[in-house]
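The values are calculated or read from the model by the stated rules, or taken from the named source; none is laboratory data. Predicted, not measured: the structure shown is a model, and the values here were computed from it. Backbone-built Cβ (ideal geometry, glycine too); neighbour counts: all protein chains shown. With ligands, DNA and RNA removed, areas are computed over all heavy atoms of the protein, side chains included. Shrake-Rupley method; radii C 1.70, N 1.55, O 1.52, S 1.80 Å.
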Amino acid sequence: MDGSSTPGTSSTLGSTIDDLRRQNLAQVLRLVHRDGPMSRSEITRATGLNRSTIGGLVTDLSHRGLVVENAAPTARKVGRPSPSVAASDQATAIAVNPEVDAIDMALVGLSGRVLHRVRYQNERTPTVGEFINVVSAIIEGMRPAFGDVTVLGIGVALPGLVREVDGSVILAPHLGWRDAPIAQLVEEATGMRAIVGNDANCGVVAESTFGAGRGEGVIVYLNGGASGIGGGIVINGRLVVGEGGNAGEFGHTAVSTQGRRCHCGATGCLETEVRRDRFVEAAGLGDVELGALQAAMAVAWLDPDSAGAREIDRQVSRLAVALRSIVNIFNPRTVILGGHLAHLLAVVGEHEFHRRIAPTLPGEGSEPEIIGAQLDDELLLIGAAELVFAEALGDPTVMPTRAVAPALVQ
Ligand SMILES: [Zn+2]
(Lines give C-alpha, C1' and ligand atoms only; values in the text may rest on other atoms or scores of the structure.)
Protein backbone atom coordinates (compact mmCIF):
# COMPACT_ATOMS: atom_id res chain seq x y z
CA MET A 1 0.00 0.00 0.00
CA ASP A 2 2.83 2.35 0.83
CA GLY A 3 5.21 1.00 -1.86
CA SER A 4 7.27 -0.93 0.64
CA SER A 5 9.20 -4.00 -0.44
CA THR A 6 7.21 -6.28 1.85
CA PRO A 7 3.81 -6.26 0.15
CA GLY A 8 0.81 -7.33 2.13
CA THR A 9 2.49 -7.15 5.52
CA SER A 10 3.97 -3.67 5.61
CA SER A 11 1.02 -1.83 7.10
CA THR A 12 0.48 -4.57 9.70
CA LEU A 13 4.17 -4.53 10.51
CA GLY A 14 4.14 -0.72 10.64
CA SER A 15 1.22 -0.62 13.02
CA THR A 16 2.78 -3.35 15.17
CA ILE A 17 5.96 -1.28 15.45
CA ASP A 18 3.83 1.79 16.29
CA ASP A 19 1.96 -0.20 18.95
CA LEU A 20 5.19 -1.47 20.44
CA ARG A 21 6.64 2.03 20.57
CA ARG A 22 3.47 3.35 22.18
CA GLN A 23 3.65 0.61 24.80
CA ASN A 24 7.31 1.38 25.49
CA LEU A 25 6.62 5.11 25.77
CA ALA A 26 3.75 4.39 28.17
CA GLN A 27 5.91 2.04 30.25
CA VAL A 28 8.64 4.67 30.72
CA LEU A 29 6.17 7.47 31.42
CA ARG A 30 4.20 5.43 33.98
CA LEU A 31 7.45 4.48 35.71
CA VAL A 32 8.68 8.04 36.30
CA HIS A 33 5.12 9.23 37.00
CA ARG A 34 4.70 6.67 39.79
CA ASP A 35 8.25 6.29 41.15
CA GLY A 36 9.55 9.84 40.73
CA PRO A 37 12.79 10.98 39.05
CA MET A 38 15.07 8.21 37.77
CA SER A 39 18.28 8.13 35.75
CA ARG A 40 18.25 6.61 32.26
CA SER A 41 20.20 3.60 33.56
CA GLU A 42 17.65 3.04 36.34
CA ILE A 43 14.89 3.17 33.72
CA THR A 44 16.88 0.74 31.56
CA ARG A 45 17.12 -1.69 34.46
CA ALA A 46 13.48 -1.31 35.49
CA THR A 47 12.05 -1.81 31.99
CA GLY A 48 14.49 -4.38 30.59
CA LEU A 49 14.72 -2.34 27.37
CA ASN A 50 18.14 -1.47 25.97
CA ARG A 51 19.88 1.78 26.72
CA SER A 52 19.64 3.33 23.25
CA THR A 53 15.92 2.53 23.08
CA ILE A 54 15.43 4.29 26.43
CA GLY A 55 17.34 7.31 25.09
CA GLY A 56 14.98 7.55 22.10
CA LEU A 57 11.86 7.09 24.25
CA VAL A 58 12.94 9.75 26.77
CA THR A 59 13.63 12.21 23.95
CA ASP A 60 10.23 11.50 22.41
CA LEU A 61 8.42 11.95 25.78
CA SER A 62 10.36 15.15 26.36
CA HIS A 63 9.28 16.51 22.96
CA ARG A 64 5.70 15.77 23.92
CA GLY A 65 6.14 17.82 27.12
CA LEU A 66 5.57 14.79 29.36
CA VAL A 67 9.02 14.38 30.94
CA VAL A 68 11.92 16.66 31.76
CA GLU A 69 15.59 15.78 32.13
CA ASN A 70 17.48 17.55 34.88
CA ALA A 71 21.22 17.78 35.23
CA ALA A 72 20.99 16.97 38.95
CA PRO A 73 21.80 13.36 39.77
CA THR A 74 19.07 11.17 41.21
CA ALA A 75 19.23 10.84 44.98
CA ARG A 76 19.55 7.05 45.07
CA LYS A 77 22.48 6.94 42.64
CA VAL A 78 26.11 6.78 43.72
CA GLY A 79 29.14 7.29 41.54
CA ARG A 80 29.06 9.19 38.26
CA PRO A 81 26.17 11.68 38.26
CA SER A 82 23.59 10.96 35.64
CA PRO A 83 20.73 13.27 34.64
CA SER A 84 17.36 12.34 36.12
CA VAL A 85 14.20 11.89 34.08
CA ALA A 86 11.06 13.13 35.79
CA ALA A 87 7.38 13.49 34.90
CA SER A 88 6.94 17.07 33.74
CA ASP A 89 4.80 19.43 35.79
CA GLN A 90 4.36 21.44 32.60
CA ALA A 91 1.67 18.85 31.87
CA THR A 92 -1.16 19.45 34.33
CA ALA A 93 -4.75 18.68 35.17
CA ILE A 94 -7.35 20.71 37.02
CA ALA A 95 -8.79 18.66 39.87
CA VAL A 96 -12.22 19.32 41.37
CA ASN A 97 -13.86 17.80 44.45
CA PRO A 98 -17.35 19.07 45.26
CA GLU A 99 -18.49 18.36 48.81
CA VAL A 100 -21.42 19.56 50.87
CA ASP A 101 -19.29 22.08 52.76
CA ALA A 102 -16.81 23.22 50.09
CA ILE A 103 -15.69 22.92 46.48
CA ASP A 104 -12.01 22.04 46.51
CA MET A 105 -9.94 22.64 43.36
CA ALA A 106 -6.29 22.37 42.38
CA LEU A 107 -3.86 22.50 39.50
CA VAL A 108 -1.94 19.20 39.69
CA GLY A 109 1.27 18.40 37.80
CA LEU A 110 1.98 15.07 36.08
CA SER A 111 4.40 14.26 38.93
CA GLY A 112 1.36 14.15 41.23
CA ARG A 113 2.32 17.43 42.90
CA VAL A 114 -0.39 19.97 43.79
CA LEU A 115 0.87 23.21 42.21
CA HIS A 116 -1.94 25.55 43.16
CA ARG A 117 -5.05 25.09 45.27
CA VAL A 118 -8.33 26.92 45.80
CA ARG A 119 -11.00 25.99 48.34
CA TYR A 120 -14.42 27.57 47.89
CA GLN A 121 -16.51 27.42 51.06
CA ASN A 122 -20.19 26.74 50.26
CA GLU A 123 -22.81 28.73 52.12
CA ARG A 124 -25.18 25.84 51.49
CA THR A 125 -25.05 22.61 49.56
CA PRO A 126 -24.60 23.69 45.92
CA THR A 127 -26.99 22.72 43.14
CA VAL A 128 -25.46 21.33 39.94
CA GLY A 129 -25.88 24.75 38.29
CA GLU A 130 -24.18 26.57 41.18
CA PHE A 131 -21.35 24.03 41.15
CA ILE A 132 -20.75 24.56 37.41
CA ASN A 133 -20.72 28.35 37.90
CA VAL A 134 -18.21 28.13 40.78
CA VAL A 135 -15.92 25.78 38.84
CA SER A 136 -15.84 27.94 35.74
CA ALA A 137 -15.30 31.13 37.79
CA ILE A 138 -12.42 29.54 39.76
CA ILE A 139 -10.78 28.29 36.55
CA GLU A 140 -10.95 31.82 35.16
CA GLY A 141 -9.30 33.05 38.37
CA MET A 142 -6.64 30.33 38.17
CA ARG A 143 -5.59 31.14 34.59
CA PRO A 144 -2.67 33.38 35.68
CA ALA A 145 -1.33 30.40 37.69
CA PHE A 146 -1.35 28.29 34.53
CA GLY A 147 1.63 30.24 33.16
CA ASP A 148 2.91 28.25 30.21
CA VAL A 149 1.71 24.87 31.45
CA THR A 150 -0.48 22.62 29.35
CA VAL A 151 -3.80 21.74 30.97
CA LEU A 152 -4.81 18.28 29.76
CA GLY A 153 -8.31 18.47 31.19
CA ILE A 154 -10.49 18.62 34.27
CA GLY A 155 -10.94 15.67 36.63
CA VAL A 156 -13.88 15.66 39.02
CA ALA A 157 -13.89 13.43 42.13
CA LEU A 158 -17.56 13.21 43.01
CA PRO A 159 -19.10 11.83 46.23
CA GLY A 160 -21.70 9.65 44.57
CA LEU A 161 -22.54 7.05 42.02
CA VAL A 162 -21.01 7.96 38.67
CA ARG A 163 -21.53 6.49 35.21
CA GLU A 164 -17.87 6.64 34.19
CA VAL A 165 -18.49 6.10 30.47
CA ASP A 166 -20.10 9.55 29.99
CA GLY A 167 -19.18 11.24 33.28
CA SER A 168 -22.73 11.70 34.47
CA VAL A 169 -23.77 11.42 38.08
CA ILE A 170 -26.51 8.86 38.70
CA LEU A 171 -26.96 9.82 42.34
CA ALA A 172 -24.95 11.94 44.76
CA PRO A 173 -27.24 11.63 47.81
CA HIS A 174 -25.54 14.17 50.09
CA LEU A 175 -25.29 16.81 47.39
CA GLY A 176 -28.85 16.02 46.32
CA TRP A 177 -27.77 15.58 42.67
CA ARG A 178 -29.44 12.99 40.48
CA ASP A 179 -29.09 12.11 36.77
CA ALA A 180 -26.93 15.08 35.81
CA PRO A 181 -24.42 15.08 32.90
CA ILE A 182 -21.62 16.64 34.98
CA ALA A 183 -18.76 16.03 32.50
CA GLN A 184 -20.76 17.52 29.64
CA LEU A 185 -21.80 20.58 31.68
CA VAL A 186 -18.21 21.23 32.86
CA GLU A 187 -16.96 20.91 29.27
CA GLU A 188 -19.60 23.33 27.95
CA ALA A 189 -18.80 25.88 30.69
CA THR A 190 -15.01 25.72 30.43
CA GLY A 191 -14.18 24.50 26.91
CA MET A 192 -11.93 21.82 28.42
CA ARG A 193 -12.19 18.03 28.42
CA ALA A 194 -13.73 16.76 31.67
CA ILE A 195 -13.70 13.31 33.27
CA VAL A 196 -15.77 12.40 36.31
CA GLY A 197 -15.12 9.59 38.78
CA ASN A 198 -16.30 8.44 42.19
CA ASP A 199 -14.34 10.25 44.92
CA ALA A 200 -13.33 7.18 46.91
CA ASN A 201 -12.13 5.45 43.75
CA CYS A 202 -10.02 8.55 43.04
CA GLY A 203 -8.67 8.30 46.60
CA VAL A 204 -7.61 4.67 46.35
CA VAL A 205 -6.03 5.25 42.93
CA ALA A 206 -3.98 8.17 44.35
CA GLU A 207 -2.89 6.20 47.44
CA SER A 208 -1.96 3.13 45.42
CA THR A 209 0.01 5.24 42.92
CA PHE A 210 1.82 7.71 45.18
CA GLY A 211 1.00 6.94 48.80
CA ALA A 212 0.53 4.22 51.39
CA GLY A 213 -0.74 1.56 49.01
CA ARG A 214 2.09 1.52 46.46
CA GLY A 215 3.12 -1.81 45.04
CA GLU A 216 1.49 -5.16 44.44
CA GLY A 217 -1.26 -6.84 46.43
CA VAL A 218 -4.77 -6.09 47.62
CA ILE A 219 -5.33 -2.57 48.90
CA VAL A 220 -8.60 -1.58 50.55
CA TYR A 221 -9.40 2.04 51.22
CA LEU A 222 -12.16 3.59 53.34
CA ASN A 223 -12.63 7.32 53.67
CA GLY A 224 -14.83 9.19 56.14
CA GLY A 225 -15.74 12.52 54.55
CA ALA A 226 -18.41 15.17 55.05
CA SER A 227 -20.80 13.12 52.88
CA GLY A 228 -20.35 9.79 54.61
CA ILE A 229 -18.06 6.85 53.96
CA GLY A 230 -16.74 5.86 50.56
CA GLY A 231 -14.26 3.18 49.67
CA GLY A 232 -12.36 1.45 46.95
CA ILE A 233 -10.35 -1.66 46.20
CA VAL A 234 -7.16 -1.94 44.15
CA ILE A 235 -5.75 -5.36 43.28
CA ASN A 236 -2.22 -5.39 41.84
CA GLY A 237 -2.54 -1.80 40.68
CA ARG A 238 -6.00 -2.20 39.09
CA LEU A 239 -9.10 -0.55 40.48
CA VAL A 240 -11.99 -2.95 41.07
CA VAL A 241 -15.08 -1.12 39.76
CA GLY A 242 -17.71 -3.86 39.86
CA GLU A 243 -20.56 -4.50 37.45
CA GLY A 244 -22.30 -1.15 37.97
CA GLY A 245 -19.32 0.83 39.27
CA ASN A 246 -20.33 0.34 42.91
CA ALA A 247 -17.58 -1.94 44.19
CA GLY A 248 -16.13 -0.75 47.48
CA GLU A 249 -19.24 1.11 48.71
CA PHE A 250 -18.28 0.15 52.25
CA GLY A 251 -20.41 2.95 53.73
CA HIS A 252 -23.47 0.73 53.55
CA THR A 253 -21.94 -2.26 55.29
CA ALA A 254 -24.32 -3.26 58.12
CA VAL A 255 -22.60 -2.73 61.48
CA SER A 256 -25.54 -2.55 63.89
CA THR A 257 -29.06 -3.94 64.03
CA GLN A 258 -30.20 -1.09 66.24
CA GLY A 259 -28.56 1.82 64.54
CA ARG A 260 -30.03 4.86 62.86
CA ARG A 261 -31.89 4.67 59.58
CA CYS A 262 -29.69 5.40 56.55
CA HIS A 263 -30.72 7.37 53.45
CA CYS A 264 -30.29 4.09 51.52
CA GLY A 265 -33.29 2.67 53.43
CA ALA A 266 -31.33 0.24 55.62
CA THR A 267 -30.64 0.52 59.35
CA GLY A 268 -27.24 0.63 61.02
CA CYS A 269 -25.06 1.31 57.96
CA LEU A 270 -21.40 2.09 58.67
CA GLU A 271 -21.77 5.65 57.39
CA THR A 272 -24.67 6.51 59.70
CA GLU A 273 -22.93 4.97 62.73
CA VAL A 274 -19.38 6.27 62.24
CA ARG A 275 -19.26 9.95 61.42
CA ARG A 276 -17.50 13.00 62.67
CA ASP A 277 -20.68 15.02 63.21
CA ARG A 278 -21.92 12.41 65.69
CA PHE A 279 -18.67 12.87 67.67
CA VAL A 280 -19.02 16.67 67.48
CA GLU A 281 -22.61 16.36 68.71
CA ALA A 282 -21.80 13.90 71.52
CA ALA A 283 -18.82 15.94 72.73
CA GLY A 284 -20.86 19.16 72.54
CA LEU A 285 -18.27 20.91 70.41
CA GLY A 286 -20.62 23.07 68.34
CA ASP A 287 -18.84 24.73 65.43
CA VAL A 288 -15.43 23.06 65.69
CA GLU A 289 -13.07 23.59 62.74
CA LEU A 290 -12.13 20.52 60.77
CA GLY A 291 -8.42 21.11 61.43
CA ALA A 292 -8.99 21.14 65.20
CA LEU A 293 -11.16 18.04 65.28
CA GLN A 294 -8.44 15.40 65.62
CA ALA A 295 -6.90 17.25 68.56
CA ALA A 296 -10.35 17.52 70.17
CA MET A 297 -10.83 13.77 69.72
CA ALA A 298 -7.41 13.04 71.26
CA VAL A 299 -8.23 15.24 74.28
CA ALA A 300 -11.62 13.56 74.73
CA TRP A 301 -10.01 10.08 74.52
CA LEU A 302 -7.75 10.90 77.49
CA ASP A 303 -10.78 11.02 79.78
CA PRO A 304 -12.55 7.64 79.45
CA ASP A 305 -15.62 8.91 81.29
CA SER A 306 -16.23 11.82 78.93
CA ALA A 307 -19.11 11.69 76.47
CA GLY A 308 -16.59 12.25 73.66
CA ALA A 309 -14.51 9.20 74.66
CA ARG A 310 -17.61 7.02 74.88
CA GLU A 311 -18.65 8.13 71.40
CA ILE A 312 -15.15 7.43 69.99
CA ASP A 313 -15.28 4.01 71.66
CA ARG A 314 -18.70 3.29 70.12
CA GLN A 315 -17.57 4.43 66.65
CA VAL A 316 -14.35 2.41 66.74
CA SER A 317 -16.32 -0.70 67.73
CA ARG A 318 -18.74 -0.17 64.83
CA LEU A 319 -15.88 0.46 62.41
CA ALA A 320 -14.18 -2.72 63.66
CA VAL A 321 -17.30 -4.74 62.77
CA ALA A 322 -17.06 -3.51 59.18
CA LEU A 323 -13.28 -3.97 58.99
CA ARG A 324 -13.53 -7.53 60.30
CA SER A 325 -15.83 -8.43 57.38
CA ILE A 326 -13.71 -6.55 54.89
CA VAL A 327 -10.49 -8.21 56.06
CA ASN A 328 -12.11 -11.64 55.90
CA ILE A 329 -13.48 -11.02 52.41
CA PHE A 330 -10.39 -9.49 50.79
CA ASN A 331 -7.43 -10.70 52.92
CA PRO A 332 -5.77 -7.38 52.03
CA ARG A 333 -2.12 -6.44 52.34
CA THR A 334 -3.03 -2.93 53.48
CA VAL A 335 -6.14 -1.19 54.73
CA ILE A 336 -5.90 2.57 54.28
CA LEU A 337 -8.19 4.81 56.30
CA GLY A 338 -8.84 8.42 55.30
CA GLY A 339 -10.56 11.47 56.80
CA HIS A 340 -12.53 10.85 60.01
CA LEU A 341 -11.59 7.15 59.98
CA ALA A 342 -7.88 8.05 59.95
CA HIS A 343 -8.55 10.32 62.94
CA LEU A 344 -10.18 7.46 64.84
CA LEU A 345 -7.18 5.24 64.08
CA ALA A 346 -4.69 7.92 65.17
CA VAL A 347 -6.56 8.60 68.39
CA VAL A 348 -6.96 5.00 69.61
CA GLY A 349 -3.82 3.56 67.95
CA GLU A 350 -3.16 0.65 65.60
CA HIS A 351 -2.78 -1.89 68.41
CA GLU A 352 -6.23 -1.19 69.84
CA PHE A 353 -7.69 -1.24 66.33
CA HIS A 354 -6.29 -4.71 65.66
CA ARG A 355 -7.55 -5.93 69.01
CA ARG A 356 -11.09 -4.84 68.15
CA ILE A 357 -11.03 -6.31 64.66
CA ALA A 358 -9.83 -9.74 65.88
CA PRO A 359 -10.72 -12.48 65.41
CA THR A 360 -10.24 -12.53 61.67
CA LEU A 361 -9.40 -15.76 59.90
CA PRO A 362 -6.10 -17.24 61.07
CA GLY A 363 -3.05 -17.20 58.84
CA GLU A 364 0.58 -16.60 59.66
CA GLY A 365 1.65 -13.15 58.55
CA SER A 366 -1.67 -12.49 56.83
CA GLU A 367 -2.78 -9.76 59.21
CA PRO A 368 -3.11 -6.58 57.19
CA GLU A 369 -1.40 -3.34 58.08
CA ILE A 370 -3.97 -0.69 58.93
CA ILE A 371 -2.71 2.81 58.26
CA GLY A 372 -3.86 6.36 57.73
CA ALA A 373 -3.83 7.78 54.21
CA GLN A 374 -0.45 9.36 53.40
CA LEU A 375 -1.63 11.93 50.88
CA ASP A 376 -3.93 13.38 53.49
CA ASP A 377 -6.16 16.18 52.35
CA GLU A 378 -4.71 16.35 48.83
CA LEU A 379 -5.69 12.74 48.19
CA LEU A 380 -8.93 13.23 46.27
CA LEU A 381 -7.51 16.08 44.19
CA ILE A 382 -4.47 14.01 43.18
CA GLY A 383 -6.82 11.14 42.35
CA ALA A 384 -9.08 13.42 40.30
CA ALA A 385 -6.04 14.54 38.29
CA GLU A 386 -5.18 10.87 37.68
CA LEU A 387 -8.52 10.55 35.84
CA VAL A 388 -7.20 13.09 33.35
CA PHE A 389 -3.64 11.75 33.18
CA ALA A 390 -4.83 8.18 32.53
CA GLU A 391 -5.16 8.80 28.79
CA ALA A 392 -1.62 10.15 28.27
CA LEU A 393 -0.19 7.51 30.65
CA GLY A 394 -1.86 4.80 28.58
CA ASP A 395 -0.79 6.26 25.24
CA PRO A 396 1.66 9.19 25.39
CA THR A 397 1.31 9.75 21.62
CA VAL A 398 -2.06 11.44 22.26
CA MET A 399 0.09 14.42 23.24
CA PRO A 400 1.42 16.22 20.15
CA THR A 401 5.17 16.66 19.87
CA ARG A 402 6.61 20.13 20.23
CA ALA A 403 9.59 18.62 18.51
CA VAL A 404 12.61 20.58 17.44
CA ALA A 405 12.77 18.23 14.48
CA PRO A 406 9.22 18.09 13.11
CA ALA A 407 10.38 15.90 10.22
CA LEU A 408 10.60 13.04 12.69
CA VAL A 409 6.91 13.29 13.53
CA GLN A 410 4.75 10.73 11.77
ZN1 LIG B 1 -26.97 2.81 53.95
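Of note:
- Total residues in the stretch 343-360, condition free of Cβ contacts under 8 Å to residues at least 40 places away in the same chain, open to solvent by 10 Å² or more (accessible area, probe 1.4 Å) and either within 20 Å of R276 (Cα to Cα) or not assigned by TED's automatic domain parsing to the domain that holds T272 (or both): 4
- Residue check, S306 among the polar types (S, T, N, Q) and within 16 Å of the ligand (Cβ to nearest atom): no
- Qualifying residue in the stretch 188-206 (condition: free of Cβ contacts under 8 Å to residues at least 24 places away in the same chain and not assigned by TED's automatic domain parsing to the domain that holds F330): yes
- Test: residue in the stretch 311-325 that is assigned to a helix (DSSP H, G or I), in the same structural domain as G259 (by TED's automatic domain parsing), acidic (D, E) and over 28 Å from the mean Cα position of the chain (by Cα): yes
- Considering residues of the stretch 224-272 that are within 16 Å of the ligand (Cβ to nearest atom) and among the charged types (D, E, K, R) only, the residue least open to solvent (accessible area, probe 1.4 Å): E271
- For the stretch 138-162, the set of residues classified as open to solvent by 60 Å² or more (accessible area, probe 1.4 Å) and modelled with pLDDT of 90 or more consists of E140 only.
- Residues within the stretch 273-306 that are of a type in the set (F, W, Y) and either outside any helix (DSSP H, G or I) or open to solvent by 60 Å² or more (accessible area, probe 1.4 Å) (or both), tallied: 1
- Residue within the stretch 99-114 that is without any contact (Cβ under 8 Å) to a residue 40 or more places away in the chain, outside any helix (DSSP H, G or I) and of a type in the set (S, T, N, Q) present: no
- The residue list R193, R178 contains one member that is over 17 Å from P159 (Cβ atoms) and open to solvent by 10 Å² or more (accessible area, probe 1.4 Å), which is R193.
- Out of F210, F279, one residue alone is touching a residue at least 24 places away in the same chain (Cβ under 8 Å), more than 16 Å from the ligand (Cβ to nearest atom) and farther than 30 Å from A390 by Cβ. It is F279.
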